[in-house]
Amino acid sequence: MSHNNSGTLLGHPKGLFLLFGTELWERFSYYAMRAILVLYLTDKTIDGGLGWTTQEALSLYGIYTSLVYFTPLIGGWIADNFLGQRRSIIIGGVLMAIGQFTLALPHSVVDPHAVKAFYVGLTFLIIGNGLFKPNISTMVGDLYEEGDNRRDGAFTIFYMGINIGSLLAGVIAGTASAVYGWKAGFLCAGFGMLFSLLIQLFFAQRYLGNIGTVPAAVRDAAKNASGKKEPLTKVERDRLKVIMVMCTFVIVFWAGFEQAGGLMNIYSQEYTNRMIGSFEVPAAWFQSLNPFFIIICAPILASLWVKMGKKEPNSPVKFALAMFSLALGFACMIGAALEQGGDMTVKTSMLWLIGAYFFHTIGELCLSPIGLSMVTKLAPLRLASLMMGAWFGANAIANYIAGEIGSRIGEAGPLAIFSGIAITAVIAGVLLLLLSNTLINWMHGAESSNDDEHVEVKTAEA
C-alpha cells in the first residue's frame, strides 16, 4: 500500500488530522441531535415538541441508536467489497446531511405529517451513518504499518476529535434549541454534517493519497499468489475469536454507559438541583461533561500508556479497568438515589452526576479507542471495515438493551437499576482478568509484549 508522505504533525501522519476533522464535525452532527432528541420527543406540543411519554421516547431512542450502530456492519461490507472507504464516506455524509435538514424542517412545512417527516429524517441518518462510521475508523488504522506502536495513541487522538465534536454539540445545539426552539438545534446538526463533508472533499486527496480508494477485498486478493480470496488461516481465525469475545464485554459496558443520553439525561432534567446561584444549568449541558473529561484525560492516558513502555497493560486488562470505572460511576448514581431516599420530589446534588460522568469517561478511554485500535490490529485486511462494523454492532445491541433498561425506571426505581448495572460491571471486569492470558495467546503477537515479538516486529519494520 503506498502511503502518502505529506509529512507529519505531532509525530503522526497529517492524514490523521484530516480524518480527525472529518469525524469531529460528523460527531458534532450526531451528538447535537442526540442531546435534544429525547427532550424534543417528550416536550409538550405547544412548545414545539411531539408530546410523547418518557417511555415511548426512551424506547425510540434505544431503537434509533441501536440501528445507528448496526448499519455499519452492512456499510463496512459494502466498502470492503465494492465502494472502497473514501467513496462510502462521501455518500454516507450526503445522506446524513439530508437527514438532519429533514429533521430541521419547521412544523409549518411538514404538518400534518410531522411524525412521518421525523421518521424519514431518522432513516436517512441511519443509512448514511452505516456507510460513514466503520470506514473512517479503518482508514485511521491504514495510516500505520503493522507493528507501529503509535497506533493506540493515534486512536486516542482521533477519539479526542470525536469528543470535541460532542462537546461543542451539547452546548451549541442545547443553547440553540433553548433560545430558538428545537428545530434550530437540528439545523445546527445539519450544518455540522456539511462541514464534515467539505473537509473530506477538499483535502482527502492531498493528505490521504490513495488510502481508502481501492476496496480492501480487491487489495487483499492482489497480494495473494493466486490473485483470489484465500480462506482464513488459523492465526486469523484466532484473532477473530478475540474480537468476538471482546465484543461481548463491550455490550455490557455500553449498556451501562449509554444510560447517559437516556436515563441520566432525564435524571438531570427532573431529579437534579441544577441551580448555581440564580442560574439554572440546562439539562442538555450535562451531555457535554463526558467529552469535556475526555479532552482533558485522553492526552494524559495516551502519554501514560507510552511512558509505561513494556509495563503497559494489554487490551483485556484495559477493558477490565473500564468495567471497574463504570461500576464506580454507578456507585455515584447510587449515592444520588440514596440522597433521594425513595422520595422522587427530592432534588439531588449535581456533584453525583458529575462524578458519575467522570468515572464513566475514564472507563470509556480504557475501552473505546483501545478497542478501535485492537480491531485494526487483529482484523484480516479483506474484513477490516466489516469487523469494524461488527465492533459497532456490539454497540448496537448495547444501545438497544440500554433503552430497555432505562424505560424500566418507573417500575424498578433508580436505586435498583443503578446498583444492578454496577454489580454486573464488576463481575464482567473480574471475568476479563481471568480470561486475559488466553486472549493474548489468541492474538498471536498482534500486541507484542515480550522481547522476541518486539524483535520480530522491529525486523519486519526494517
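The values are calculated or read from the model by the stated rules, or taken from the named source; none is laboratory data. Treat the numbers as computed from the prediction; the structure is a model and nothing was measured. As a convention, Cβ positions derive from the backbone with ideal geometry for all residues, glycine included, and neighbour counts pool all protein chains shown. Surface areas here come from the heavy atoms of the whole protein model, side chains and all, with no ligands, DNA or RNA. Shrake-Rupley method; radii C 1.70, N 1.55, O 1.52, S 1.80 Å.
For the stretch 202-250, with every protein chain kept in place, what is the accessible area per residue (1.4 Å probe, Å²)?
57 Å²
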Sites VAL109 and VAL281 - FRET efficiency at Förster radius 35 Å, r taken between beta-carbons, to 0.05: 0.60
Proximal charge balance of SER288 [Cβ under 15 Å; K/R count +1, D/E count -1]: +2
Candidate cut points under chymotrypsin sites (Phe, Trp or Tyr not before Pro) in the stretch 175-274, DSSP loop plus at most 12 other Cβ atoms within 10 Å of their own Cβ, are none
At 7 Å along Cα-to-Cβ for each site, give me the label-to-label distance between GLN205 and LYS229 in nm. 3.2 nm
Using the Kyte-Doolittle scale, find the helices of the chain whose mean hydropathy is at least 0.5 and whose Cα atoms extend 18 Å or more along the helix's long axis, counting only whole DSSP H runs. 14-42, 54-78, 85-104, 114-142, 151-180, 182-208, 234-257, 289-308, 315-340, 350-378, 384-407, 414-443
Accessible-area value, TYR144, 1.4 Å probe, nucleic acids and ligands omitted, Å²: 10 Å²
What order do MET333, MET244 take when sorted by accessible area (1.4 Å probe), most exposed first? MET244, MET333
What part of the accessible area of the chain, given as a whole %, is carbon or sulfur when the probe is 1.4 angstrom? 67 percent
Could you tell me the largest-minus-smallest coordinate of the C-alpha atoms of the stretch 189-293 on each of the three principal axes, in descending order and whole angstroms? 72, 39, 20
Using only the alpha carbons of the stretch 71-172, determine the length spanned along each of the three principal axes and report them from longest to shortest in whole angstroms. 57, 36, 17
Within the stretch 38-64, list the residues whose amide N lies under 18 Å from a label point set 7 Å along Cα→Cβ of GLU270. 38-45, 49-62
The simple spin-label model distance between ARG408 and LYS310, using points 7 Å out along Cα→Cβ, in nm, is 4.7 nm
Only loop residues by DSSP count here, and only those with at most 14 other Cβ atoms within 10 Å; note down the trypsin sites (Lys or Arg not before Pro) in the stretch 226-333 that meet that. LYS228, LYS229
Might you work out the accessible area of SER226 for me, using a 1.4 Å probe with all protein chains in place, and round it to the nearest 10 Å²? 60 Å²
Can you pull a Stokes-Einstein diffusion coefficient for the stretch 218-360 at 25 °C (0.890 mPa s), Rh from Kirkwood over Cα pairs, as a whole number of µm²/s? 132 µm²/s
Kirkwood Rh and Cα Rg combined as Rg over Rh, evaluated for the stretch 330-431: 1.08
Zero-based 5 Å bins, Cα pair distances in the stretch 6-149, whole percents: 2, 9, 16, 19, 16, 13, 10, 7, 4, 3, 1, 0
Using label points projected 7 Å from each Cα along Cα→Cβ, tell me how many nm separate LYS44 and LEU198, to one decimal. 4.0 nm
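Which whole-number value in Å² is the accessible area per residue of the stretch 1-66, probe 1.4 Å?
Computed with neighbouring chains in place, this is 38 Å² per residue.
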